[in-house]
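Notes for the one structure printed next.
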Amino acid sequence: MLRVSRYSVVVLLAIFLFSGIAMAETKWQKHHPRRVQVNKRLHNENKRINKKVKQGKMSPAEAKKLKKDIRKIRKEERAMTKPRGGHITAAEHKALNQQENAVSREIDK
């Protein structure tokens with residue numbers, strides 16, 4: 001007969017409960033509406049840059065600089081999420097959008 005101590009049951013239960021919370025937190029982090037909007041826009045900007053280079057409307061050097069700016073914005077977005085468990089505030093969202101607007105204007109030149 002298998003004997004399980006109360007301590008083992010408590011430990012297993014705690015591990016089970018906390019693993020569920022951690023998974024839910026990770027999913028929420030990735031899919032927070034403000035983050036989704038920022039990251040989708042950055043993805044679209046990358047596609048626009050690639051299209052302009054392919055069409056000969058932008059030099060590879062210009063594209064490289066703009067993609068560096070996009071990576072910088074994405075890095076900043078990730079850094080903003082860490083203190084608040086995976087989301088960005090409305091003010092941070094506004095700041096990121098302003099940076100994305102600047103990149104977008106550069107692409108449109």
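Within the stretch 44-88, work out how many residues are closer than 14 Å to GLN99 by Cα, of a type outside the set (D, E, K, R) and open to solvent by 60 Å² or more (accessible area, probe 1.4 Å).
Residues meeting the conditions: 0.
Given (1) at pLDDT below 60; (2) part of a helix (DSSP H, G or I); (3) not small (Gly, Ala, Ser), where does VAL4 come up short, assuming only one miss?
That leaves (2) as the condition not met.
The values are calculated or read from the model by the stated rules, or taken from the named source; none is laboratory data. Since this is a predicted model, take the numbers as computed values, not measurements. What goes into the accessible areas is simple: the full protein's heavy atoms, side chains included, and nothing from ligands, DNA or RNA. Shrake-Rupley method; radii C 1.70, N 1.55, O 1.52, S 1.80 Å.
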